[in-house]
Amino acid sequence: MNALKTLPLLIASLLACQLAFAQDGLISDASEKPADVSGAGGDWKFALGGGIASTPRYEGSSSNRLRFAPLIEVEHGRFFAGAARGIGYNMSDDKDIQYGPRLTLAPYRRQSADRHLHGMGDIGYGGEIGGFVNARFAPWYVTSGIAAGSNGSRLELEGGYEARLSQEDRIRAGLELNWADNKYMQTYFGVSAAQSTASGGVLAPFNAGSGIRNYGLKINWTHAYSKEWFSNAGISYKQLSGSAANSPLTMRRSMSTVSFVVGYRF
């Protein structure tokens, strides 16, 4: 099967998972790509599963909520699709260095997610186009991604340490830094005059500017029960910065996410 024929399934896989969980920019925290999604033989590789995650109601919320965390990862040759990675194509022949173009979905936000968002309206989904560069220098790793769309542009950087504790267990700990431009920051953290009025004056008008959106620490533990079955437990802590921290929408500058996902690869 050629690469073009894989696109419909790749797109369907991404949408099914991202539309279910691509909210508030928290996909990567609760749906980390497993250490190895390769199954037994064949060109197609899948990892399917789900679990539970405790995530902020929105970025800057003062409370968390429990939600279902779906896991869908599909690979075919150099093409891939999944909640954490979007749809992309790896142009590298080196297994330790990956780079290429990628399509993702911008986070959506519902006004009903928290009463503090009253008057803000909903932020709908938006397609993003960008790219990624990842490198691994065992036991260290670096990942990066850039995405631009109708809601603005963002840059994500992460680096850390990965270690295999045993044949069944692997742990990854890293630091991350996320930047966004004026449009992105205004979309998610700004308050227009009309929105201020709609909130009944509770939210003061606020013009958000570009800069570091947040930074933090994340730890993931992957355990293999068999060749096919595995689980992934993760915890992350983020601190909002700049306009994101000073926005009247921000009730708490620190955010934590905890997740546990069980998956099956084939």
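Out of the GluC sites (Glu not before Pro) in the stretch 138-178, which ones are loop residues according to DSSP with at most 15 other C-beta atoms within 10 Å? When the GluC sites (Glu not before Pro) of the stretch 138-178 are filtered for loop state and at most 15 Cβ neighbours within 10 Å, E168 remain.
What the phi angles of the stretch 189-195 give under the Karplus curve with 6.51, -1.76 and 1.60, with θ = phi - 60°, is a coupling list of 10, x, 10, 7, 4, 5, 5 Hz, glycine and proline written as x.
Once you have the Cα-Cα distance between Y89 and A193, take 0.36 nm times their residue separation minus that, and quote the gain in nm to one decimal.
Residue separation times 0.36 nm, minus the Cα-Cα distance, leaves 33.3 nm.
For the stretch 174-266, the square roots a ≥ b ≥ c of the C-alpha gyration tensor eigenvalues yield an a/c of 1.5 or more together with a/b exceeding b/c, which makes the shape prolate. Quick check: from the Cα gyration tensor, does the stretch 81-188 come out rounded (a/c under 1.5), prolate or oblate? Prolate. The simple spin-label model puts a point 7 Å past each Cα toward its Cβ; for F266 and M251 those points are separated by 4.3 nm.
Using the Karplus relation 6.51 cos²θ - 1.76 cosθ + 1.60 with θ = phi - 60°, the per-residue 3J(HN,Hα) values for the stretch 88-104 come to x, 9, 8, 8, 8, 9, 8, 5, 9, 9, 10, 7, x, x, 8, 10, 9 Hz, with x marking Gly and Pro.
When the square roots of the Cα gyration tensor eigenvalues are ordered a ≥ b ≥ c, the ratio a/c for the stretch 133-225 is 1.5 or more and a/b exceeds b/c, which makes its shape prolate.
Rolling a 1.4 Å probe over the heavy atoms of the protein chains gives the stretch 152-266 an accessible area of 47 Å² per residue. Taking 0.36 nm per residue of separation and subtracting the Cα-Cα distance, full extension of the segment from S144 to V258 would add 38.8 nm. Computed in the context of the full set of protein chains, the accessible area of the stretch 57-149 at 1.4 Å probe radius has 58% of its extent on carbon or sulfur. Of the trypsin sites (Lys or Arg not before Pro) found in the stretch 99-205, not one falls in a DSSP loop while having at most 11 other beta-carbon atoms within 10 Å. Under a 5 Å amide H cut-off, with hydrogens placed 1.01 Å from N, G50 pairs with L71, V262 among residues at least 5 apart or on other chains.
The values are calculated or read from the model by the stated rules, or taken from the named source; none is laboratory data. Note that the structure is predicted; figures quoted are calculated from it, not measured. When we count neighbours, we look across all protein chains shown, and the Cβ atoms used for this are built from the backbone with ideal geometry, even at glycine. Just the protein is used for accessible areas: all its heavy atoms, side chains included, with ligands, DNA and RNA removed. Shrake-Rupley method; radii C 1.70, N 1.55, O 1.52, S 1.80 Å.
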